Amino acid sequence: MSDLKLFNSLTRQLEPFQPVHPGEARVYSCGPTVYNYQHIGNMRAYVFADTLGRVLSYKGYKLTHVINITDVGHLTSDADAGEDKMEKMAASQGKSAWEIAAFYQADFEADLARLNIRKPAHPKATEYVDAMIEWGKSIADKHCYELDSGLYFDVSTVPEYGRLARAVTDDGEGRIDEVEGKRNKADFAIWRKTPEGETRQMEWDSPWGRGAPGWHLECSVMSKALLGMPFDIHTGGIDHREIHHPNEIAQNQAHEGCADTGARIWMHNNFLVERSGKMSKSSGEFLRLQLLIDKGFHPLAYRLMCLQAHYRSELEFSWEGLQAAFTRLKRMVMAVAALQGTEPASEVTDKRLLDLFERFDAAVSDDLNTAIALTALEETLSLKKIDQGQKLLAIAQMDAVLGLDLLQLERADLRVQPKNAQISATEIEAALTSRKEARANKDFAASDAIRDDLIAKGVEVMDGDPLGWDWRIEV
């Protein structure tokens, strides 16, 4: 195997992965704030984190992967002002904040399963509030100061604050709201007091008054509790590189010692770009995984779409691009289906397969270059006149890293019924069976009538389709 190299946002360079604990890999990924459904841009971060985890497992490391659930403490931005997202959604729906958190956490976990993301540990922030208070108490004297609105971290008390973001840029500072009395513009809340005369659903007693922890604090506390410090890798979206993660590092330096940033390697996936503005949750029917399914796409087509681009590159979403990924997935599924009934070999010895696997390994070892790894997989799928058992084993090993579930998916699984379809898959299959009989009997009038009726109901009959898919529902 090639040595695994990963891009460290802290140093802005590729570095060999050298685990803190021999034979282990400990990874922390910033999880969702469970006040609403997650849009597909959010889900790209978890496809990336899952791919990282799969590569680490493939390389032989014992993986511990944590994705926290933010069910308290997150305001409407990375800043320290604005309405609390959990409280705001609870008020708008007439439910408790706890009910809101439980509902949207369950939906998030369902999306993880749909995308074949291996289930990590899912600790909730509310389970660690006592530990957050203790963390705050341990750093308050040297690194914090109190205002009427809460306890604030003084970023001038740690070295090289903002190093991860390459200093706090003008753009980054533009995302930090002014709070009267702060010593430095970049200072951030460790604890937010409940304003006098108000009551929050989620609030606790602390030495700094009744209130709730700052959003940044939970990740420091939970990563240390579950992974120890230092741990190996911290992941998140590139937006976290500018404020949230520098604040985590500052807290870690204050608590653990100024040289300790918490994680050895910080990794960030780039944005999913969608030009229509429907990615934002404020847009109403925003782009989430269920919407893709409602339009007739299997969720693993979206996973494949993510894998087609490097995680550090922007990925532009379009329905045409998703359709192309879906077609690519169908081709893979049909190629694996041709091996049905084959017993996998115990090892791969064929030189052609070994050469392809070497290319595959080199790609995923080079900062998770899944785009190149996919081409190695497809070339493996297309090999002719080769031992079928060895071929199946090679495919299984590659797919264990890419997570497309190729050995389990069947053609029928990819017939996703659009929500607005006027006809069921069973009715379509029955009509096509009748049409085939009519064509066999040279009753072309009846054959054309069946086809025209299907077209009227939004079904495209795909005569001569090289994929052998026969039909699709147009959306």
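The values are calculated or read from the model by the stated rules, or taken from the named source; none is laboratory data. Because the structure is predicted, anything quoted here is derived from the model rather than measured. Here the Cβ is made from the backbone with ideal geometry for all residues, glycine too, and neighbour counts use every protein chain on show. These area figures cover heavy atoms from the full protein model, side chains too; ligands, DNA and RNA do not enter into them. Shrake-Rupley method; radii C 1.70, N 1.55, O 1.52, S 1.80 Å.
To the nearest ten degrees, helix 129-143 and the longest principal axis of the Cα atoms of the chain are 50 degrees apart. Against the main long axis of the alpha-carbon atoms of the chain, helix 244-256 sits at an angle near 50°.
Within a straight-line Cα-Cα reach of under 12 Å, LYS351 can be paired with the following aspartates and glutamates, leaving aside sequence neighbours fewer than 8 residues apart in one chain: ASP387.
Packing, as the average of other Cβ atoms within 10 Å across residues, places the peptides 28-35, 463-470 in the order 28-35, 463-470, highest first.
Can you list residues whose amide H is under 5 Å from LYS295's amide H, if they're 5+ apart or on another chain and H is modeled 1.01 Å from N? For LYS295, whose amide H was placed from the backbone, the distant partners under 5 Å are LYS419. How would region 202-290 be classified by its alpha-carbon gyration tensor: rounded, prolate or oblate, with rounded meaning a/c under 1.5 and the a/b versus b/c comparison settling the rest? Here region 202-290 falls in the oblate category. Relative to the longest principal axis of the Cα atoms of the chain, the long axis of helix 97-114 lies at roughly 40 degrees. According to the square roots a ≥ b ≥ c of the eigenvalues of the Cα gyration tensor, what is the shape class of region 219-350, taking rounded for a/c under 1.5, prolate for a/b larger than b/c otherwise, and oblate for the remainder? Oblate is the answer for region 219-350, as a/c is 1.5 or above yet b/c matches or exceeds a/b. With the full set of protein chains in place, find how many percent of the accessible area of region 230-311 is carbon and sulfur; take the probe as 1.4 Å. C and S fraction of accessible area: 48 percent.
Here is the list for region 211-298: GluC sites (Glu not before Pro) lying in DSSP coil, each with at most 12 other C-beta atoms within 10 angstrom of its C-beta, are GLU285.
Counting only protein heavy atoms and a 1.4 Å probe, the chain has 44 square angstrom of accessible area per residue.
How would region 1-156 be classified by its alpha-carbon gyration tensor: rounded, prolate or oblate, with rounded meaning a/c under 1.5 and the a/b versus b/c comparison settling the rest? Because a/c hits 1.5 or more and a/b fails to exceed b/c, region 1-156 counts as oblate. Could you check how much of the accessible area of region 101-220 is carbon and sulfur, as a whole percent, using a 1.4 Å probe? Reported share for carbon and sulfur atoms: 44 percent. Ordering ILE428, SER220, GLY403 by the projection of their Cα atoms onto the charge dipole of the chain, which places +1 on the Cβ of Lys and Arg and -1 on the Cβ of Asp and Glu, puts ILE428 at the extreme positive end. Legend: residue pairs LYS62/LYS119; LYS85/LYS124; LYS142/LYS193; LYS119/LYS224; LYS88/LYS137; LYS88/LYS182, Cα-Cα distance threshold 24 Å; pairs beyond threshold, LYS88/LYS137; LYS88/LYS182.
From its DSSP helices (H runs of at least four residues, each -39,500 (n - 2.57)), the chain gives a residue-normalised ellipticity at 222 nm of -13500 deg cm²/dmol.
For region 1-129, a simple Cβ point-charge model (Lys and Arg +1, Asp and Glu -1, everything else neutral) yields a dipole of about 580 debye relative to the Cα centre. Near GLY150, the amide H atoms lying under 5 Å from its own belong to LYS193; only residues 5 or more places off or on other chains count, and H is placed 1.01 Å from N. Across region 320-408, the mean sequence separation of Cα contacts (distance under 8 Å, 6 or more residues apart), normalised by length, yields a relative contact order of 38 percent.
Residues in region 423-440 carry Karplus couplings, in order, of 8, 8, 4, 4, 5, 5, 4, 5, 5, 5, 4, 4, 5, 4, 5, 4, 5, 5 Hz; the curve used is 6.51 cos²θ - 1.76 cosθ + 1.60 with θ = phi - 60°, and Gly or Pro positions show x.
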